[in-house]
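The values are calculated or read from the model by the stated rules, or taken from the named source; none is laboratory data. Bear in mind that the values here come from a model prediction, so they are computed numbers and not experimental data. Cβ coordinates were reconstructed from backbone atoms using ideal geometry, including for glycine residues, and neighbour counts include every protein chain displayed.
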Amino acid sequence: MTERVGFYPGSFDPITNGHLDVIERACRLVDRLVVGIGVHAAKQPMLSAAQRRDLLAETAGPIGTRTGVSIEIIEFDGLMVRAAQSCGAGIVIRGLRDTTDYNYEMQMVGMNAQMAPDIQTVFVPSSPYVRHISATLVRQIAQMDGDIAPFVPRAVLKLLEK
């Protein structure tokens, strides 16, 4: 049987409980999950790529262990489909919170399908308890000294407290 490899791309700036929910659900679909941290020179992230990588290893690693799925974390720049192809992924995992996400993601599916017809996109709906969480809002709350504890794993809180 061929190994099912999934690619879950994002900025993960910071990683949220919503991201972990998608990772948990994605592990039910694949044998190996590659989590791709998008690094774009034009963007100024809150956390460095190395910090995001470490946080993902700490928080997603136990999910992989519990589910028996190999989780690999990489950084990429450029086209997401090229990163997915380079790691041997046959599917791209995308989390959906609402119809706004769906409309945007459907445009991306069309574009990606033309560039990489061998890769399928699989939408994973967010669980109700994390559906409202977005990394953008978490960053905004953190920048205004708000409490982000309900939205992120403890590892993120520890890092930001430093």
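So which residues in segment 87-112 are of a type in the set (Asp, Glu) and either under 15 Å from the mean Cα position of the chain (by Cα) or at pLDDT 95 or above (or both)?
Our first condition is that a residue be of a type in the set (Asp, Glu); within segment 87-112, this holds for 98, 101, 105.
Listed by number, the residues that qualify are 101, 105.
Against the condition touching a residue at least 40 places away in the same chain (Cβ under 8 Å), surrounded by 12 or more Cβ atoms within 10 Å (Cβ to Cβ) and either of a type in the set (Asp, Glu) or assigned to a helix (DSSP H, G or I) (or both), how does residue 159 come out, does it pass? Talk me through it step by step, then tell me what you get.
Working: touching a residue at least 40 places away in the same chain (Cβ under 8 Å): yes; surrounded by 12 or more Cβ atoms within 10 Å (Cβ to Cβ): yes; either of a type in the set (Asp, Glu) or assigned to a helix (DSSP H, G or I) (or both): yes.
Against the criterion (touching a residue at least 40 places away in the same chain (Cβ under 8 Å), surrounded by 12 or more Cβ atoms within 10 Å (Cβ to Cβ) and either of a type in the set (Asp, Glu) or assigned to a helix (DSSP H, G or I) (or both)), residue 159 qualifies.
Can you confirm whether residue 66 is out of contact with any helix residue (DSSP H, G or I) (no Cβ under 8 Å at 6 or more places or on another chain), basic (Lys, Arg) and without any contact (Cβ under 8 Å) to a residue 12 or more places away in the chain? Can you show your working first?
On the way: out of contact with any helix residue (DSSP H, G or I) (no Cβ under 8 Å at 6 or more places or on another chain): yes; basic (Lys, Arg): yes; without any contact (Cβ under 8 Å) to a residue 12 or more places away in the chain: yes.
Here the answer is yes, as residue 66 does meet what is asked.
Please go through segment 22-48 and pick out each residue that is of a type in the set (Val, Ile, Thr) and either in contact with a Cys (Cβ under 7 Å, 6 or more places away or on another chain) or touching a residue at least 40 places away in the same chain (Cβ under 8 Å) (or both). Walk me through it before giving the result.
At the first step, the residues of segment 22-48 found to be of a type in the set (Val, Ile, Thr) are 22-23, 30, 34-35, 37, 39.
Across segment 22-48, the qualifying residues are 22, 23, 30, 34.
Look at residue 97 and say whether it is surrounded by 18 or more Cβ atoms within 10 Å (Cβ to Cβ) and of a type in the set (D, E, K, R). Steps first, answer last, please.
Numbers: surrounded by 18 or more Cβ atoms within 10 Å (Cβ to Cβ): no; of a type in the set (D, E, K, R): yes.
No, not satisfied.
Can you name every one of the strands (runs of 3 or more DSSP E) wholly within segment 1-86 that holds 3 or more residues which are within 12 Å of the chain's Cα centre (by Cα) and aromatic (Phe, Trp, Tyr)?
Numbers: elements: 5-10, 32-38, 70-76.
Filter on segment 1-86 gives an empty set.
I need the full set of residues from segment 131-142 which are out of contact with any strand residue (DSSP E or B) (no Cβ under 9 Å at 6 or more places or on another chain) and touching a residue at least 60 places away in the same chain (Cβ under 8 Å), in order please.
Taking segment 131-142 as the starting set, the residues that turn out to be out of contact with any strand residue (DSSP E or B) (no Cβ under 9 Å at 6 or more places or on another chain) are 132-134, 136-142.
Scanning segment 131-142 gives 133, 134, 138, 139, 142.
Can you tell which of 152, 138, 124 is assigned to a loop (DSSP other than H, G, I, E, B) and either at pLDDT below 95 or surrounded by 11 or more Cβ atoms within 10 Å (Cβ to Cβ) (or both)? Walk me through it before giving the result.
Details: 138 fails: assigned to a loop (DSSP other than H, G, I, E, B); 124 fails: assigned to a loop (DSSP other than H, G, I, E, B).
The conditions single out 152.
I'd like the residue in segment 19-38 that is closer than 27 Å to residue 145 by Cβ and of a type in the set (A, V, I, L, M, F, W, C) and, out of all such residues, is surrounded by the fewest Cβ atoms within 10 Å (Cβ to Cβ).
Taking the candidates together, the pick is 20.
Table: residues versus (1) more than 25 Å from residue 161 (Cα to Cα); (2) charged (D, E, K, R).
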site	(1), (2)
15	no, no
27	yes, no
41	yes, no
50	no, no
67	yes, no
71	yes, no
81	yes, no
87	yes, no
94	yes, yes
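Could you check how many residues of segment 101-121 are assigned to a helix (DSSP H, G or I), in contact with a helix residue (DSSP H, G or I) (Cβ under 6 Å, 6 or more places away or on another chain) and crowded, with 16+ Cβ neighbours inside 10 Å?
Residues of segment 101-121 assigned to a helix (DSSP H, G or I): 101-115.
Narrowing the set further to residues that are in contact with a helix residue (DSSP H, G or I) (Cβ under 6 Å, 6 or more places away or on another chain) leaves 112, 115.
Narrowing further to those that are crowded, with 16+ Cβ neighbours inside 10 Å: 112.
The number of residues fulfilling the criteria is 1.
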